[in-house]
Amino acid sequence: MATQRALIAAGTPPTASAPMSGPYALEAFGDAIFYGNVDLGATVFAPLLTTAYQHAYGNIYSATTDVYSATYASGIDTLLPSTMPLATIFSSGLLPETALFDNATPTVTIPGNAALSAQLTAALAVPSNPLFAAGFGPSYLITNNYRVSYVLDAAADPDGAVPTPSAGVPLAAAAPTQTLRNAFYVNDLRNGGWAPTTPTLLCGGDQDPTVFFSVNTGTMAAFWSSLPAGLVTVLDVNAAAAGPFAAVQTAFQTTQAQELAYLMSPAGGGNTLAAAEQLLVEGYHAAVAPFCSVAARSFFSQF
C-alpha cells in the first residue's frame, strides 16, 4: 500500500486533499495564451499573476505601463485580489471583461528575417476560434509591445509543447530572457526534476476554456510518459465513457446535458441554444471539479 498519494487535476501540484485545477505546465500555457489562445478569465488572471511575480521577483515591469495599456495601467497593481465583485470591476472600466489583446494585429519585425517576421505577425492575428477571438478587442489589457516581446522570446527559445509538441515536451532549452516568461518557466512543474513516485491521477475535462486540458494535463502526461506503467493515470471526464472511470464520465456528460436543457427551459431563463451553450462553457471549469473529486476518492481507495 502506498504511504503517499498524489492527485493532479488539470495540472495541480501533488496533494492528498480534494482535487483542484490549475495551469502547471505554466510556460506552455503562457505561450499558448500569448500566441492567441486566450483562456476564459485571462483579463483577471493576468494582473493577479504579474502582481504576484512582481512581488516575488521584482523584474516583471518597471512601471505597469510596461505591460498594460494606458486605459488600465493605473492602479492595476493593487486592484486584485479584491472584495469588489468582478462584475463591478468590469462595469467600472477597471478591467476589460475579455479583451486581453488588441484586435489590431501588431507587426513583428525581426531584422534580417522577413519570413519569420511574417510568420509571427500572422500568428498574432485574431484567431478564428470564437472562444479565443473573444480575448481580443479595441479596448485591450496588454500592450502590443509587451505581447511581441513575449512571443519573440518564445519563438527564439520554444517550449516543447507549444506551438508544436516535441517528444517529451521539455521546457525551453534555456531560461527565458523575457521576465514574465521566465517566471512561468521557473514555476512550471517540469522544472526541477520532480516526478511522481506514488500513484497519481491527472483529471480534467478536454473542453475546459479556462485551463486547457491538452496544454496542461496532456503536457504533464507526456512529460512523465517514461515513468513506470500505472504510476500516472489520466482521466478526461469529457471523453467517451470507458474503463474504471466510465461511471464518472457518464455522470459528468449527463449532468452537462441536463444543465443545457435547464438553461433553455423557462425555469432556467429560457435561453436560446447559443446563449445556453455559452453559459455552459462559462461554467465548465467549475463543473469538472466535483467529478474529479469523486474519481480521486475512487482512485485512492485502491491503495
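Odds and ends about this structure:
- Selection of segment 72-93 for residues being under 25 Å from Ala32 (Cα atoms) and either in contact with a helix residue (DSSP H, G or I) (Cβ under 8 Å, 6 or more places away or on another chain) or of a type in the set (Ser, Thr, Tyr) (or both) yields Tyr72, Ala73, Ile76, Asp77, Leu80, Pro81, Leu86.
For every residue, the table says whether it meets (1) in the same structural domain as Asp208 (by TED's automatic domain parsing); (2) at pLDDT 50 or above; (3) farther than 30 Å from Ser301 by Cβ.
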{"site": "Met1", "(1), (2), (3)": "no, no, no"}
{"site": "Pro13", "(1), (2), (3)": "yes, no, no"}
{"site": "Pro19", "(1), (2), (3)": "yes, no, no"}
{"site": "Ile33", "(1), (2), (3)": "no, yes, yes"}
{"site": "Asp39", "(1), (2), (3)": "no, yes, yes"}
{"site": "Thr43", "(1), (2), (3)": "no, yes, yes"}
{"site": "Pro47", "(1), (2), (3)": "no, yes, yes"}
{"site": "Thr50", "(1), (2), (3)": "no, yes, yes"}
{"site": "Gln54", "(1), (2), (3)": "no, yes, yes"}
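Residues checked against (1) closer than 25 Å to Pro165 by Cβ; (2) surrounded by 14 or more Cβ atoms within 10 Å (Cβ to Cβ); (3) free of Cβ contacts under 8 Å to residues at least 12 places away in the same chain:
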position: Tyr24; (1), (2), (3): yes, yes, no
position: Asp31; (1), (2), (3): yes, yes, no
position: Gly41; (1), (2), (3): yes, yes, no
position: Leu48; (1), (2), (3): no, no, no
position: Thr51; (1), (2), (3): no, yes, no
position: Asn59; (1), (2), (3): no, no, no
position: Tyr72; (1), (2), (3): no, yes, no
position: Asp77; (1), (2), (3): no, yes, no
position: Leu100; (1), (2), (3): yes, yes, no
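- Taking residues in segment 191-213 that are in contact (Cβ under 8 Å) with a residue 24 or more places away in the chain, and partners anywhere that are assigned to a loop (DSSP other than H, G, I, E, B) and basic (Lys, Arg), the pairs with Cβ atoms closer than 8 Å and at least 6 places apart or on different chains are Thr198/Arg5; Pro199/Arg5.
- Any hit, segment 248-260, residues being of a type in the set (Gly, Ala, Ser) and closer than 24 Å to Glu27 by Cα: no
- Asp39, sole failed condition from (1) more than 30 Å from Phe291 (Cα to Cα); (2) acidic (Asp, Glu); (3) within 11 Å of the chain's Cα centre (by Cα): (1)
- Some residue of segment 239-247 being part of a loop (DSSP other than H, G, I, E, B), at pLDDT 95 or above and crowded, with 21+ Cβ neighbours inside 10 Å: no
- Within segment 175-215, the set of residues being in a helix (DSSP H, G or I) and either hydroxyl-bearing (Ser, Thr, Tyr) or in contact with a strand residue (DSSP E or B) (Cβ under 7 Å, 6 or more places away or on another chain) (or both) comprises Thr179, Tyr185, Phe213, Ser214.
- Lone qualifier among Ile60, Ile89 - being more than 26 Å from Phe291 (Cα to Cα), assigned to a helix (DSSP H, G or I) and modelled with pLDDT of 95 or more: Ile89
- Which listed residue, of Thr250, Thr233, Thr255, is in contact (Cβ under 8 Å) with a residue 12 or more places away in the chain, part of a helix (DSSP H, G or I) and not small (Gly, Ala, Ser): Thr255
- A single entry from Ala267, Ala261 fulfils the requirement of being loosely packed, with under 12 Cβ neighbours inside 10 Å, without any contact (Cβ under 8 Å) to a residue 12 or more places away in the chain, part of a helix (DSSP H, G or I) and on the phi < 0 side of the Ramachandran plot: Ala261.
- Residue check, Gly135 over 21 Å from the mean Cα position of the chain (by Cα) and either closer than 28 Å to Glu277 by Cβ or modelled with pLDDT of 95 or more (or both): no
- Checking each residue in segment 263-285 for being hydroxyl-bearing (Ser, Thr, Tyr) and farther than 22 Å from Leu131 by Cβ picks out only Ser265.
- Evaluation of Leu273 against (1) in contact with a Pro (Cβ under 8 Å, 6 or more places away or on another chain); (2) without any contact (Cβ under 8 Å) to a residue 40 or more places away in the chain (one fails), failing number: (1)
- Test: residue in segment 222-238 that is farther than 19 Å from Asn37 by Cβ, in contact with a helix residue (DSSP H, G or I) (Cβ under 9 Å, 6 or more places away or on another chain), outside the structural domain of Gly30 (by TED's automatic domain parsing) and surrounded by 21 or more Cβ atoms within 10 Å (Cβ to Cβ): yes
The values are calculated or read from the model by the stated rules, or taken from the named source; none is laboratory data. Bear in mind that the values here come from a model prediction, so they are computed numbers and not experimental data. With ideal geometry, Cβ positions are generated from the backbone for all residues, glycine too; neighbour counts draw on all protein chains shown.
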